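J.: One structure coming up, written as structure tokens, with questions to follow.
Values quoted throughout were computed directly from the atomic coordinates according to the rules given, and no laboratory measurement underlies them. Since the structure is predicted, the reported quantities are computational estimates derived from the model, not experimental observations. Cβ: placed from backbone, ideal geometry, glycine included. Neighbour counts: every protein chain shown.
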Amino acid sequence: MDNKKINIGLFIDTWFPMVDGVINVVDNYAKRLSKIANVTVFSPRVDKNYDISKFPYKIVLCKSSKFLNLDYRLPLPKLDRNFKKEIKNAKLDIIHIHSPFSIGKMAVNYGRKHKIPVIATFHSQFERDFYRATKSKFLTKILLNKIIKVFEKADICWAVNKNIASVFQKYGYKKEAKIVNNGTDLFPIKNIDESNKKINSMFKIKNDEKVLLFIGRLTILKNILFIVEALKLVKDQGYNFKMLFVGSGQDQKILTNFINELNLENEIKVCGRITDRNIICGLYARAYIFLFPSLYDASSLVQIEASSQKTPTIFLEGAVTAGTVTNNLDGFIVENNIKAFAEKIIELFNNQDYRNEIGEKAFKNLYKNWDDVINDAYKEYLNIIKERKT
């Protein structure tokens, strides 16, 4: 196997043009692994008009249907004969699932049947999604039990940080997960002045304005209205700033209406979805603080992206996604209330040296490039395949 490329199957239950952290993780795995291995991503067809030919790796799509009131669609792999045929023809050496629903479940069962090693990664706090969809604790518990059974069939489970590993133990997973952190494709900007000038012009920001930033899906689950309420307190204290919300989602209109209701339309701009990674990188570099009060995320890529530009992040106590952060060393974790969040912003507005010190530590401690992360993951793949054969 030294000279032969291995066949890797990455399985996920949603795909572009939908955008979330897990999709971005799989895309980054596939792009890098495809340089040294044969990679196929197995996922649902979310939009029949979406062009998958632009990707540098093979993608196999299955049928899907609308699912409840969620952004996501329900994959139907068992009803797709061609999808099942493509899995068989891929002659996989290893399977890596990134979600435990119909596609992930099919992949695990296929791996067990054909004696192919299976890795499963814990990415998300499913309990919140299940309860939001069902409004039933009973049904939520049943659904959690079902996904844990899928994970337990895998040969090994990876968790994106220690906190999400603990969450899955609370769900009922009894084994120990290996911690494999996420990374980012962003690199530090070399000409910061030129970048800031471009961002200022693009988003109509004054040179002396402090920029606050949120990037992600615009859903109430990520506490986006909490940010607005905190910034109302900051404004009332006489501070000038420009807040940028970058992203799209089902609650974008609710966010916009709430901003107008609190008379913050001059301070807060909802920018919509931005896909140009150079612009995203420039936004992180221009930001004074990245605001991420989400209690929903497991290990968000955006906080790693922020650290790539030495921009510190403010989290809330109890945030699973803050599992890699040490409070007041390489990030900030404040009490889960609007006043405490606003006070931390004001404190950092008044102490730029302190803000810069934490930003430097964030870069040193939290920034991980995908090239390094996936190089290590590939070595793990080879070890697992070797162990299975012996």
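J.: Taking Cα pairs under 8 Å and at least six residues apart, what relative contact order does the chain come out at, in percent? If you can, show how the numbers build up before the last one.
T.: On the way: 698 pairs, mean separation 55.0, N = 390.
Computed over the chain, the figure is 14 percent.
J.: Are there trypsin sites (Lys or Arg not before Pro) in the stretch 39-141 that DSSP marks as loop and that have at most 15 other Cβ atoms within 10 Å, and which are they?
T.: Details: sites: Arg45, Lys48, Lys54, Lys58, Lys63, Lys66, Arg73, Lys78, Arg81, Lys84, Lys85, Lys88, Lys91, Lys105, Arg112, Lys113, Lys115, Arg128, Arg132, Lys135, Lys137, Lys141; in loops: Arg45, Lys48, Lys54, Lys63, Lys91, Lys115, Lys135.
Listed in order of number, the matching sites are Lys48, Lys54, Lys91, Lys115, Lys135.
J.: A further question on this structure: What spacing in nm lies between the two simple spin-label points modelled at Tyr131 and Lys178, each 7 Å away from Cα in the Cβ direction?
T.: About 3.3 nm, to one decimal.
J.: Lys115 to Asn365: extension gain in nm, 0.36 nm per residue of separation minus the Cα-Cα distance? The partial results should precede the final answer.
T.: On the way: separation 250, 0.36 × 250 = 90.00 nm, distance 3.87 nm.
Extra length from Lys115 to Asn365 when fully extended: 86.1 nm.
J.: Further question on the same structure: Packing-wise, with mean Cβ within 10 Å as the measure, how do 293-306, 206-219 rank, highest first? Spell out each step's value before the answer.
T.: On the way: 293-306: 24.5, 206-219: 18.9.
The most tightly packed comes first, giving 293-306, 206-219.
J.: Which of Gly359, Asn7, Tyr171 sits farthest toward the positive end of the charge dipole of the chain, with +1 on the Cβ of Lys and Arg and -1 on the Cβ of Asp and Glu?
T.: Going by the charge dipole, the pick is Asn7.
J.: Now for a separate question. Just want the answer: with Cβ charges of +1 for Lys and Arg and -1 for Asp and Glu, which residue in Asn223, Met202, Ile304 is farthest toward the dipole's positive end in the stretch 192-366?
T.: Met202
J.: In whole angstrom, how long is each semi-axis of the equivalent ellipsoid of the stretch 268-365, when you take the square root of 5 times every eigenvalue of its Cα gyration tensor and sort them from largest down? All intermediate terms of the calculation are to be shown ahead of the outcome.
T.: On the way: eigenvalues 74, 51, 42 Å².
Working from the Cα gyration tensor, I get semi-axes of 19, 16, 15 Å.
J.: Rounded, prolate or oblate: which fits the chain, taking a ≥ b ≥ c as square roots of the Cα gyration tensor eigenvalues, rounded meaning a/c under 1.5, else prolate when a/b beats b/c? Please report the intermediate quantities before stating the final value.
T.: Working: a/c = 1.84, a/b = 1.65, b/c = 1.11.
The shape class here is prolate.
J.: Hey, another quick one. Explain nothing, just the number: dipole magnitude of the chain about its Cα centre with +1 on each Lys and Arg Cβ and -1 on each Asp and Glu Cβ, in debye rounded to the nearest 20.
T.: On the way: 62 positive and 42 negative charges, 443 e Å.
Here the size comes out at about 2120 debye.
J.: Connecting C-alpha atoms closer than 10 Å in a GNM of the chain, tell me which of Tyr173, Tyr50, Tyr288 has the biggest fluctuation.
T.: Tyr50
J.: Going down the list Lys58/Lys85; Lys66/Lys253; Lys105/Lys162; Lys190/Lys310, which pairs span over 18 Å between their C-alpha atoms? List each step's numbers first, then the result.
T.: Working: Lys58/Lys85 15 Å; Lys66/Lys253 21 Å; Lys105/Lys162 24 Å; Lys190/Lys310 12 Å.
As for pairs spanning more than 18 Å Cα to Cα, those are Lys66/Lys253; Lys105/Lys162.
J.: What dipole magnitude, in Debye to the nearest 20, does the stretch 192-366 give about its Cα centre under +1 on Lys/Arg Cβ and -1 on Asp/Glu Cβ? Walk me through the intermediate numbers first.
T.: Numbers: 21 positive and 21 negative charges, 99 e Å.
The dipole magnitude comes to about 480 debye.
J.: Under the rule a/c < 1.5 gives rounded, and otherwise a/b versus b/c splits prolate from oblate, where does the stretch 199-244 land using the Cα gyration tensor? Kindly include the intermediate steps, with their values, before the conclusion.
T.: Numbers: a/c = 3.86, a/b = 1.25, b/c = 3.08.
Oblate, since a/c reaches 1.5 and b/c is not below a/b.
J.: Can you show me the helix-derived [θ] at 222 nm for the chain, built from DSSP H runs with n ≥ 4 at -39,500 (n - 2.57) apiece and divided by the number of residues, rounded to the nearest 500.
T.: Details: 14 runs with 170 residues, N = 390.
Mean residue ellipticity, 222 nm, calculated: -13500 deg cm²/dmol.
J.: Output wanted: per-residue J couplings in Hz (rounded whole) for the stretch 117-132, from phi through Karplus 6.51 cos²θ - 1.76 cosθ + 1.60, θ = phi - 60°, x for Gly and Pro.
T.: Values, residue by residue: x, 10, 9, 10, 9, 7, 10, 10, 8, 5, 4, 5, 5, 5, 5, 4 Hz.
J.: Shifting gears a bit: Report the gain in length on full extension from Glu357 to Asn260: 0.36 nm times residue separation, minus Cα-Cα distance, nm rounded to one decimal. If you can, show how the numbers build up before the last one.
T.: Numbers: separation 97, 0.36 × 97 = 34.92 nm, distance 3.48 nm.
Computed gain between Glu357 and Asn260 is 31.4 nm.
J.: Between rounded, prolate and oblate, where does the stretch 192-366 land on the alpha carbon gyration tensor, with a ≥ b ≥ c its root eigenvalues, rounded for a/c under 1.5, else prolate if a/b exceeds b/c?
T.: On the way: a/c = 1.21, a/b = 1.07, b/c = 1.13.
It comes out rounded by the Cα gyration axes.
J.: Under 18 Å Cα-Cα from Lys137, which lysines qualify once same-chain neighbours fewer than 8 residues away are excluded?
T.: Cα-Cα hits under 18 Å: Lys146, Lys170.
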